[in-house]
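Every read-out reported here was derived from the displayed coordinates using simple, explicitly stated rules and does not represent laboratory data. Being a predicted model, the structure only gives us computed values, none of them experimental. Cβ placement follows ideal geometry from the backbone for every residue including glycine, while neighbour counts extend to all protein chains displayed.
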Amino acid sequence: MTAIQTFEAAQASLCAFDIDPDSPPAFVAAEIEIAIIDDRSLMCDCLARGLAEIEPAFRFQHFSSIETFDAADMEETQRISTVLMCAVWSNSEADHHLARIAHLKATRPWVSTIILADIENFDDVHKAIDNGACGYVPTSVSLQIAAKAIHLVAAGGIFIPPSVLFQSAQNARDGHEATKSQAQEDNLFTSRQISVIEALRRGKANKVIAYELNMCESTVKVHVRNIMKKLRARNRTEVAYILNTPPYEGLIKN
């Protein structure tokens, strides 16, 4: 799947989720049991209190680690449908966090995992979703949007922040432009210059080339100078040699 297809698919998944911080949560009613996994007690408590203030239907349990969550009494955790995993994400810790996501998916497949982290990198978000996460909430969003993201995931959806989607689209556009630019660079010579190159390879003089190609001898000289400049050749002999070596030999018709 290309970056543009990923962007379009993610956009489609958000169509049913109107992210308006001033409106009430789109999904209301039934209580949602949520496990917050974070070893920072203060941050964990503040997050739970803030989200509960916005959405009274949320019910929270706190765990300092995945291991603590695994060791908890199943009767106490069986109603948990959503896990909010707070991660201090970095390149060095990415594999560790991805393994934790995959572990939750394998041991509790009925639980939806949401990652809460500081970064908004498309590659990291894509890997998290690919490993089993159902949502990725950056700390740059408001509590209202975080609450809506939890509602969406609890209802079976996938939440990807718009900032990440826009980055994905921009990366796709940049990649397209880079490919287009490279293609233009690869098309190094014009068709007339290639005709001159074929004649140079056969050792023909400028006057003969001009006659055979129906152009002025001065025009041939200009073409030869431009060809030498593009190939960084010092003379016609070097031009012939360079054009018989990769990647230019394909330009010559035998």
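Which of the residues that make up segment 119-136 are at negative phi and either among the aromatic types (F, W, Y) or not in a helix (DSSP H, G or I) (or both)?
First pass over segment 119-136, keeping only residues at negative phi: 119-131, 133-136.
Across segment 119-136, the qualifying residues are I119, E120, N121, F122, N131, A133, C134, G135, Y136.
Yes/no matrix, rows are residues, columns are (1) under 20 Å from N244 (Cβ atoms); (2) assigned to a helix (DSSP H, G or I); (3) not basic (K, R):
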site	(1), (2), (3)
Q193	yes, yes, yes
E198	yes, yes, yes
G203	yes, no, yes
Y211	no, yes, yes
M215	no, no, yes
I227	yes, yes, yes
